[in-house]
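Since the structure comes first, as structure tokens, the remarks are kept for the end.
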Amino acid sequence: SDLKDCASDRKTFAPSNLDLVPATPKKGQDLATVIDGVISETVTSLKASIVVKIDGVKLTTETVDICGGSTACPTANVPYQFKNVHNLPSYSPSGTYTSELSFVNQDGKSLSCMSYDFKL
């Protein structure tokens, strides 16, 4: 699947690669999203908002605390890998899914927004 840019301003997290594991998602299994990239500034807290839609209709929204507190944040200008695992219930409807990820720092500043599609 290809990453699409949904950020209109400067991107502090520049993704370079997207992997879906497994490459062909299946109902009743976990789907791991792995995004490689570089964050160009120091962050002390990082959150990802994940919105999943099917055929354009929002199904779920999830916020993930990536770092901050006792979890070390990525170092500026060093390769970073974001990984998140979603369970795809066996009763998931068939169709084209869009997953949109928005990353914000400790000040609520948008670092990047990206989306990708997959089919079930």
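Points to keep in mind about this one:
- The stretch 53-67, subset under 13 Å from the mean Cα position of the chain (by Cα) and not acidic (Asp, Glu), residue farthest from Leu120 (Cα to Cα): Ile66
- Listed by first and then second residue, the pairs linking a residue in the stretch 51-70 that is more than 17 Å from Phe103 (Cα to Cα) to a residue that is aliphatic (A, V, I, L, M) and surrounded by 11 or more Cβ atoms within 10 Å (Cβ to Cβ), with Cβ atoms under 9 Å apart and 6 or more places separating them unless they lie on different chains, are Lys53/Leu59; Ile54/Leu120; Lys58/Val51; Lys58/Val52; Leu59/Val51; Leu59/Val52.
- Exclusive hit being aromatic (Phe, Trp, Tyr) and out of contact with any strand residue (DSSP E or B) (no Cβ under 7 Å at 6 or more places or on another chain), set Tyr91, Tyr80, Tyr97: Tyr91
- Qualifying residue in the stretch 16-33 (condition: in a strand (DSSP E or B), open to solvent by less than 30 Å² (accessible area, probe 1.4 Å) and either charged (D, E, K, R) or over 30 Å from Ser90 (Cβ atoms) (or both)): no
- For the stretch 1-55, a residue qualifies if it is more than 22 Å from Leu111 (Cα to Cα), in contact with a Pro (Cβ under 9 Å, 6 or more places away or on another chain) and of a type in the set (S, T, N, Q), and exactly one does: Gln29.
The values are calculated or read from the model by the stated rules, or taken from the named source; none is laboratory data. As the structure is a prediction and not an experimental result, all values here were calculated from the model. Here Cβ is always computed from backbone atoms with ideal geometry, including for glycine, and neighbour counts include all displayed protein chains. For the accessible areas, the whole protein counts, side chains as well, though only heavy atoms, and no ligand, DNA or RNA atoms are used. Shrake-Rupley method; radii C 1.70, N 1.55, O 1.52, S 1.80 Å.
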